[in-house]
1. Work through the residues other than residue 385 whose Cβ is under 14 Å from its Cβ and net out their charges, Lys, Arg +1 and Asp, Glu -1.
2. Provide the net charge surrounding residue 343, with neighbours chosen by a C-beta distance below 12 Å and charges set as Lys +1, Arg +1, Asp -1, Glu -1.
3. Shape call for the chain from the C-alpha gyration tensor, a ≥ b ≥ c root eigenvalues: rounded (a/c under 1.5), prolate (a/b greater than b/c) or oblate?
4. I want to verify the translational diffusion coefficient of region 188-251 in µm²/s; compute it with Stokes-Einstein, Rh as the Kirkwood radius over Cα pairs, at 10 °C and 1.306 mPa s.
5. Is the C-alpha gyration tensor of region 203-285 telling us rounded, prolate or oblate? Criteria: a/c under 1.5 is rounded; beyond that, a/b larger than b/c is prolate, otherwise oblate.
6. For a label point 7 Å from the Cα of residue 390 along Cα→C-beta, name the residues of region 348-363 whose backbone N is under 14 Å from it.
7. Charges on Cβ only, +1 for Lys and Arg, -1 for Asp and Glu, centred on the Cα centroid of the chain; of 72, 166, 9, which one is farthest towards the dipole's positive end?
8. Put +1 on the Cβ of each Lys and Arg and -1 on the Cβ of each Asp and Glu in the chain; which of 385, 255, 94 then has its Cα farthest toward the positive end of the dipole?
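Readers should treat all values here as calculations from the given coordinates under stated rules, not as data from a laboratory. Because the structure is a prediction, the values reported are computed rather than measured. We place every Cβ from the backbone using ideal geometry, glycine too, and count neighbours over all the protein chains shown.
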Amino acid sequence: MLIFHQLAVVASILGAAHGAPPAICAYAADAIGDHWGWRSGTGGPVTPLGAQPNQWAIERVGADAVHMLVDSLASDDPCVREMSVRLIGRTDKSDEPAAATALIDRLGSTVPSMRQVAAYGLGLVESEHAIDPLAHALKDRDAGVRTNAAWALGRIGEGRALASLVGTLHDDDARVREAATVAVGHMDSVSVVPALVGLLRHDPVASVRRAAAWALGQLDTQNGDGDLTDALAQERAADVRAQIVWALGQHESHSAVNALSKVLRDDADDETRETAAWALGQIGDASASAALAQAVSSDHTARVRGTAAWALGQIEPHPAPAGLVSALKDADGDVRLKTAWALSQIGDPEAAPAIEAALRQEQSTEVRKALIRAIVHSGGHAEQTLGEFLHSSDPEVRRSVVRALAGDRVDPWPWPWPRPQPFP
């Protein structure tokens, strides 16, 4: 079903592109993907739009253009309104007050769609002049206006809007509650912890609970960590559990190690288990080593195994866990890379024979480089083993061996690092 949906979307895009003006086509093409940093005249390709595909690019919008764009917000065409407000978001800083004044005026429109786009635009220009009008718009009868006003206040990030946003956390509309929760997370005020905990424990909508967990993770306090841990045990939605785990990792909460280790062992969701491994690596508590070593050796998902190996490299338990050493034979190259990196961090001489044996069998250049570093840091018969690879057919391996024998730093590349939970 996903393939058929994708085909329909592609067909729709191509149908809309037929006959479109070059300016619109250029902006749409940039949204799909750029030229990897190329610009006209710097070795870029010749595109169907011509030799200068970026001639339509607008870095900043000046005062004259702002008036035109604000007037275009009243267009009957939603595409024109969308393009207009996005371009308003590129207003030059010196012209921001004029743009904000015009948008604030439109917040008083009788048309809900105009009030929505005005609030959206005020968030894009991040105008502090708009804080009070946007706070007032949090009481608008239209849920879309309230949602955009909360989002905009979060973008601006001014603390004096906090009280108004907290009052919106119990709005009847879930979209408004979610936007207000994310906005509060940008305010960095520990006074909102009880309200956020209340949402996390009791809101009926998973997306709101997830936003509350994210906001609690953003705050520089561990006051709510006990509540996060309790909520983790009760939460049924996998993406909310993953966000709670991320928050505990953000806080480097040692009190949550047992709960996170249980999640790593037992949770059915791959992303949640991977995030738990990441969080345990962030915390760096040696008591998590056994759970991480078990995950490295037995989890059915390569991403979880690799992140657990990385976490053990963060913790540096001595001796190196047997489960980590066994992962040198993992079928997944990224897991082997992270395992070799972790063993180089730990530097356990008892693991040296297994590392040397792995190097003789390894076919991946990147993993070989990581194993060379691990041999150097683990001791053993480093010079004898590395000498075997001075005549390797792989120039990267030969270069790494020479650097290692000369006492230079040898790093695995790319540097092992997992993916933390994204912004909600």
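1. My count for the surroundings of residue 385 gives -1.
2. Once all neighbours under 12 Å are counted, the net charge is -1.
3. oblate
4. In µm²/s, the coefficient is 144.
5. Because a/c hits 1.5 or more and a/b fails to exceed b/c, region 203-285 counts as oblate.
6. Hits in region 348-363 for residue 390 at 14 Å: none.
7. The Cα lying farthest towards the positive end belongs to 9.
8. Toward the positive end, the furthest listed residue is 385.
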